[in-house]
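Below is one structure, written out as structure tokens, with a few remarks after it.
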Amino acid sequence: MPIDNLGKTHFTAAEITVINKNLEQIRITLNRIALNLTADERRQYAKVHEKNKLLINKVKDYHDTQPQLQSPEIDWAEFEMDYADRREVAGMLAKVRELENQLLGIKILRDFDNYTDALRDYNYAKYKNAFSSQNGYAGKVDALKAFFPNTGKTKMK
């Protein structure tokens, strides 16, 4: 017996509505400050790697502990806001990745369940086509057979 129906708990209509409403609210909130960077802009501005983030953190530490050493050419209020946003966004991204993994897991199991059911239905249609005189099964089998292009062929050596 094949393993199927792995995802037995399903969303309610109310849950789907709440999730979509909240995702839309997040999208709207982010649209206020998010910029749609081009591929070139992403490459240009994405040069702050882990080592450079350590530099940022060290400069922030000096700013906090020895402000007399900081450059007067920097808008430190803006630096603080950028730093706070960066820290918050990092936490949000971790949550989004966790949500993505949860949603992918749900989708994978639902896809698997649907696929095993589709195979079972195809086999049933082939059986009914071969052993019954009911109309419609031959057409269904022919239509579904297109999804199995390599079956039933013998390779010549």
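We did not get these values from a lab; they are worked out from the coordinates using the rules stated. In this text the structure is predicted, and so the values were computed from the model without any measurement. Cβ: placed from backbone, ideal geometry, glycine included. Neighbour counts: every protein chain shown.
Some notes on this structure:
- Quotient of C-alpha Rg and 2.2 N^0.38 Å, computed over region 31-95: 1.29
- FRET efficiency estimate (nearest 0.05) - Cβ-Cβ, Asn5 to Arg32, R0 35 angstrom: 0.25
- A full extension of the chain between Leu23 and Ala77 corresponds to an added length of 16.4 nm, given 0.36 nm per residue minus the alpha carbon distance.
- Estimated [θ] at 222 nm from DSSP helical runs (n ≥ 4, -39500 (n - 2.57)) normalised by residues in the chain, nearest 500: -23500 deg cm²/dmol
- The label point for Lys95 and the one for Leu119, both projected 7 Å from the Cα toward the Cβ, are 3.9 nm apart.
- Dipole of region 50-157, positive direction: furthest Cα of Tyr137, Met92, Thr65, with charges on the beta-carbon: Tyr137
- Legend: Rg and Dmax of region 63-119, from Cα coordinates, 22.6, 72 Å.
- The modelled label-to-label distance for the pair Asp111/Tyr62, using points 7 Å beyond Cα in the direction of Cβ, is 4.9 nm.
- Taking the longest Cα principal axis of the chain as reference, the axis of helix 76-131 is set at about 0 degrees.
- Reported label for calculated Kirkwood radius over Cα pairs in Å given (i) 16.5; (ii) 19.9; (iii) 22.4: (iii)
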